[in-house]
Amino acid sequence: MAGDSRVLMDHNMEIGVTSAQVKKLPKHLREAQISTERTHLISDPAKKPRQRYVQKDGKCNVHHGNVQETYRYLSDLFTTLVDLRWRLSFFIFTLVYVVNWLFFGFLWWLIALIRGDLVHADEEGWTPCVENLNSFVSAFLFSIETETTIGYGYRVITEKCPEGIILLLVQAILGSIVNAMMVGCMFVKISQPKNRAETLMFSNNAVISVRDNKMCLMFRVGDLRNSHIVEASIRAKLIRSQQTKEGEFIPLNQTDINIGFDTGDDRLFLVSPLIISHEINEKSPFWEMSLAQMEKEEFEIVVILEGMVEATGMTCQARSSYLDTEVLWGYRFTPVLSLEKGFYEVDYNNFHDVYETNTPTCSAKELAAKLREEPLLPQLSLLSPELKMHTFDPLNRLSEQDPLSQDEEERDSGGDKGETNGSAAALEEMPLADGLPD
């Protein structure tokens, strides 16, 4: 008996039957099992974690390697400096100024050395190029005072030094250029519009449900600031690997997802959180995708929100993405807007919340075909209470016909009955008529 049960257990494992003990485990514990040969047969194989193309915070997860033409970065030096990380920016900022001061300090010390100011500085009647410049340290300090226009008044250039006057002009001009570039880089880096994107929110998940008898893919966006995004627009891309009919494999192919480009719904007035909807129609890449098929697919939806910052007029772009595991089928977003006394209030505690709703598991194509076959059923079920309780049973259709058609049938049947009765009466009266006397 024990041998038979063991054989039955092995047979169940071979055909993929889940034991009762495994079924009682929570879902996250079942998925967290180590994928051994035995557990792989018992539990359904979970999806492998996919690498994101765009992170949830909008950063693109793409690294450029084996770039041979690195000189192109130096051709646009200003943008290269702006794109650097903050620690590198501070290091380069400090390094540029220190090197500049040291370079011109060395030139001032070299002029003093050539002229003999370092040797004859204490002699009476000797006019140095720069008064009180007697070492490299004093030359370095004079370079800092000249470029930063501090002007302590202790070290002063004299009119008997033409080479010093020329060097002073050169340092003043180059110092202004260095100041303009470095301060400009820091200003642009601080006021970058991507920092404005930190207050633009995207929902953690996208949902699929029915709207107006049409399957729709939806996600929510919001702005935390009172200063609005001007000329805000949104677009979406489907990132999915594709193989052409000729056998060419295209990794991370990008396909447009229409979220209102034709109707103008992609241009937003982002004062309160909005639910962005993509109608799954014949032109949608999700047209023939059902719930079962979506669970097998591997894709990523990248959403891009663009607009101008109201305070600065600079263009801002916020990005996010949804993996196939982050698209919830049969859910809707919880409302976040409520009417208070004199204003509307947005509750951002419910911004990411969703609730389950009745949604067919078939594809949008199959749903549209069913609605074409019975186009009036959803509308008739909502119009009147009588029709709402109406059951479409073919055996009871004769008893549930329209009263007008029933009256017509009764009149028709009544007329037939009348004609039949009249002919029968005539037949009955014929012998009586023949039997009457002349």
Self-check item: Solvent-accessible heavy-atom area per residue, rounded to whole Å², over segment 117-258 at 1.4 Å
Solution: 57
Quiz prompt | Accessible heavy-atom area order of GLU374, GLU246, highest first, probe of 1.4 Å | solution = GLU246, GLU374
Quiz item: What ³J(HN,Hα) values, in whole Hz, does the Karplus curve 6.51 cos²θ - 1.76 cosθ + 1.60 give for segment 86-103 when θ = phi - 60°, with x put for Gly and Pro?
Solution: 4, 5, 5, 5, 5, 5, 5, 4, 5, 5, 4, 5, 5, 5, 5, 5, 5, 5
Practice problem: Can you tell me the FRET efficiency between TYR348 and GLU231 if r is taken as the Cβ-Cβ distance and R0 is 22 Å, rounded to the nearest 0.05? | Solution: 0.35
Exercise. Quick one: which residues, 5 or more positions from ASP223 or on another chain, have an amide H under 5 Å from its amide H? H modelled 1.01 Å from N in the peptide plane, none for Pro or chain starts.
Key: MET201
Practice problem: Could you please state, rounded to a whole Å, how far the C-alpha centre of segment 50-126 is from the C-alpha centre of segment 215-241? | Solution: 39
Quiz prompt | Candidate residues ASP256, ASP347: accessible-area rank, largest first, probe 1.4 Å | solution = ASP256, ASP347
Quiz item: Of ILE150, ILE250, ILE114, ILE166, which has the most accessible area and how do the rest follow, probe 1.4 Å?
Solution: ILE114, ILE166, ILE150, ILE250
Quiz item: Classify segment 196-371: rounded, prolate or oblate, from the alpha-carbon gyration tensor (a ≥ b ≥ c, eigenvalue square roots; a/c under 1.5 rounded; otherwise prolate if a/b is larger than b/c)?
Solution: oblate
Quiz item: What list of ³J(HN,Hα) values in whole Hz, one per residue of segment 55-66 in order, does the Karplus curve 6.51 cos²θ - 1.76 cosθ + 1.60 (θ = phi - 60°) give from phi, with Gly and Pro shown as x?
Solution: 6, 4, 7, x, 6, 7, 8, 10, 10, 8, x, 6
Self-check item: Derived scalar couplings ³J(HN,Hα) [segment 269-286; Karplus, 6.51 cos²θ - 1.76 cosθ + 1.60; whole Hz; x for Gly, Pro]
Solution: 10, 8, 8, 10, x, 10, 9, 8, 10, 10, 6, 7, 10, 4, 8, 7, x, 9
Quiz item: Round to a whole number: what % of the accessible area of segment 114-156 belongs to carbon and sulfur, probe 1.4 Å?
Solution: 55
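The values are calculated or read from the model by the stated rules, or taken from the named source; none is laboratory data. On a predicted model such as this, the values are computed, not experimentally measured, just so you know. Please note: Cβ atoms are built from the backbone with ideal geometry, for glycine as well, and neighbour counts cover all protein chains shown. With ligands, DNA and RNA removed, areas are computed over all heavy atoms of the protein, side chains included. Shrake-Rupley method; radii C 1.70, N 1.55, O 1.52, S 1.80 Å.
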